[in-house]
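Comments concern the structure below.
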Amino acid sequence: MRLAVIPGDGIGVEVISAALKVVRAVETAFGRRFEVEVLPWSADYFLKTGITVPPNGYDLLRQFDAILVGALGDPRVPDNRHARDILLGTRFELDLFVNYRPVRLLDERLCPLKDRTGADVNFVVFRENTEGLYAGIGGRFKAGTDDEIAVQEEINTFKGVHRIVRHAFEFAKATAAPALCMADKSNVMAEGHALWQRVFRELAPHYPEVEARHLYIDALALLLIQEPSQFDVIVTNNLFGDIITDLGAALQGGLGLAASGNLHPGRTSMFEPVHGSAPPLAGKNVANPMGAILSAALMLDYAGWKHEAAAIEAAVQHAVVNGQGTKEIGGSLGTKETGDYVAAAVR
């Protein structure tokens with residue numbers, strides 16, 4: 001596997017270092033080979049060169065089998081333009097239209113809901129990743145005055161909605177996840193989300209084995225807290241998906257355990273932990289690397305390396321259950337030591 005690695009900013013550098021230890025353990029244990037190229041794109045790189053992504057950067061990324069990213073964001077770049085160009089730019093330029101977020105509780109003591117087990121919190125969210133309110137369409141008029149007008153447009157296309165909803169149906173059909181819930185706000189956003197309604201209704205009959213259900217996004221958020229066990233697969237738009245995946249992270253024990261993939265099936269895809277760069281924690285060896293490690297597992301699973309991915313997931317769960325992790329998940333290890341422990345468990 002040819003792997004591009006962008007450690008990024010803050011704790012991103014530390015969690016990616018831990019994840020790469022686990023990747024190297026997979027090499028040793030399974031005889032796989034990784035050709036890793038670390039790209040320096042970050043706030044430091046931008047402040048030194050004035051470049052966020054080199055002119056040929058996105059074409060360069062397309063030459064790899066996968067991209068593993070740490071975290072991006074730095075107060076020295078107030079508008080975070082480097083993060084926008086690296087993360088959002090890669091999503092748009094490589095057309096990574098699927099944001100894939102599995103939500104799985106590894107240890108019931110980490111769930112903020114009482115009496116919930118791993119069987120109760122075990123679902124997947126598919127978030128449309130290239131349209132919606134994050135498309136960057138809009139502007140400000142008379143900015144900074146009392147007459148300021150700010151407009152942000154939501155973009156929904158038939159192509160964009162159809163392919164993410166179809167992907168969710170295909171996933172539900174191919175796995176032991178027979179229920180798919182589509183969430184929108186079509187009772188208020190009647191025009192844009194009418195398209196989501198139309199596509200969902202048209203596709204559902206083609207998947208008779210999948211139980212198709214619709215919920216408004218506010219009702220979905222409520223039910224995720226009341227009874228998360230009723231959900232198997234959820235599909236929604238860019239903004240709503242961004243919000244409910246953080247809710248899902250809370251259910252599974254925090255952002256430090258949350259992994260994600262930005263996918264275009266059959267093409268180079270990008271994998272990253274959900275958390276941010278947490279500048280105050282950088283360099284203190286306290287950040288939880290499990291999200292980055294599990295993102296590497298998603299990457300291997302996506303590549304078809306099922307046994308290797310399962311080994312990483314099992315090693316992470318073993319570490320979490322046995323208190324061999326960072327402080328906020330009940331352990332006493334640092335970032336580096338947690339990576340060492342999981343890598344040893346994989347081997």
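The values are calculated or read from the model by the stated rules, or taken from the named source; none is laboratory data. Note that the structure is a prediction, hence the values are computed from the model and not measured. Glycine gets a Cβ as well: all are built from the backbone with ideal geometry, and neighbour counts include every protein chain shown. Accessible surface is based on the protein model in full, side chains and every heavy atom, while ligands, DNA and RNA are left aside. Shrake-Rupley method; radii C 1.70, N 1.55, O 1.52, S 1.80 Å.
Determine which single condition GLY331 fails, assuming it passes every other condition in (1) open to solvent by 10 Å² or more (accessible area, probe 1.4 Å); (2) out of contact with any strand residue (DSSP E or B) (no Cβ under 8 Å at 6 or more places or on another chain); (3) not in a loop (DSSP other than H, G, I, E, B). So GLY331 meets the others, but not (3).
Looking at the range 202-216, can you tell me whether even one residue there is aromatic (Phe, Trp, Tyr), assigned to a loop (DSSP other than H, G, I, E, B) and either without any contact (Cβ under 8 Å) to a residue 60 or more places away in the chain or open to solvent by 10 Å² or more (accessible area, probe 1.4 Å) (or both)? Please lay out each step first, then the result.
Restricting attention to the range 202-216, the residues satisfying the condition of being aromatic (Phe, Trp, Tyr) are 207, 216.
Add one more test, that the residue is assigned to a loop (DSSP other than H, G, I, E, B), and what stays is 207.
Next, from what is left, pick out any that are either without any contact (Cβ under 8 Å) to a residue 60 or more places away in the chain or open to solvent by 10 Å² or more (accessible area, probe 1.4 Å) (or both): 207.
Yes, there is a match, as at least one residue in the range 202-216 is aromatic (Phe, Trp, Tyr), assigned to a loop (DSSP other than H, G, I, E, B) and either without any contact (Cβ under 8 Å) to a residue 60 or more places away in the chain or open to solvent by 10 Å² or more (accessible area, probe 1.4 Å) (or both).
Of the residues VAL188, VAL165, VAL125, the single one that is among the β-branched types (Val, Ile, Thr), part of a strand (DSSP E or B) and under 18 Å from LEU239 (Cα atoms) is VAL125.
Give ALA83, ALA66, ALA25, ALA71 a once-over and let me know the one that is open to solvent by less than 80 Å² (accessible area, probe 1.4 Å) and over 20 Å from the mean Cα position of the chain (by Cα). Walk me through how you get there before you give the answer.
On the way: ALA83 fails: over 20 Å from the mean Cα position of the chain (by Cα); ALA66 fails: over 20 Å from the mean Cα position of the chain (by Cα); ALA71 fails: over 20 Å from the mean Cα position of the chain (by Cα).
From the options ALA83, ALA66, ALA25, ALA71, the qualifying one is ALA25.
Taken over the range 217-245, the criterion of being among the small types (Gly, Ala, Ser) and open to solvent by less than 20 Å² (accessible area, probe 1.4 Å) is satisfied by GLY241 alone. For the range 40-82, which residues satisfy the criterion of being of a type in the set (Asp, Glu) and assigned to a loop (DSSP other than H, G, I, E, B)? Within the range 40-82, ASP65, ASP74, ASP79 qualify.
Within the range 261-287, residues that are at negative phi and at pLDDT 95 or above sit with their Cβ atoms under 6 Å from residues that are open to solvent by 30 Å² or more (accessible area, probe 1.4 Å) and acidic (Asp, Glu), at 6+ positions apart or across chains, in these pairs: HIS264/ASP95; ALA287/GLU14.
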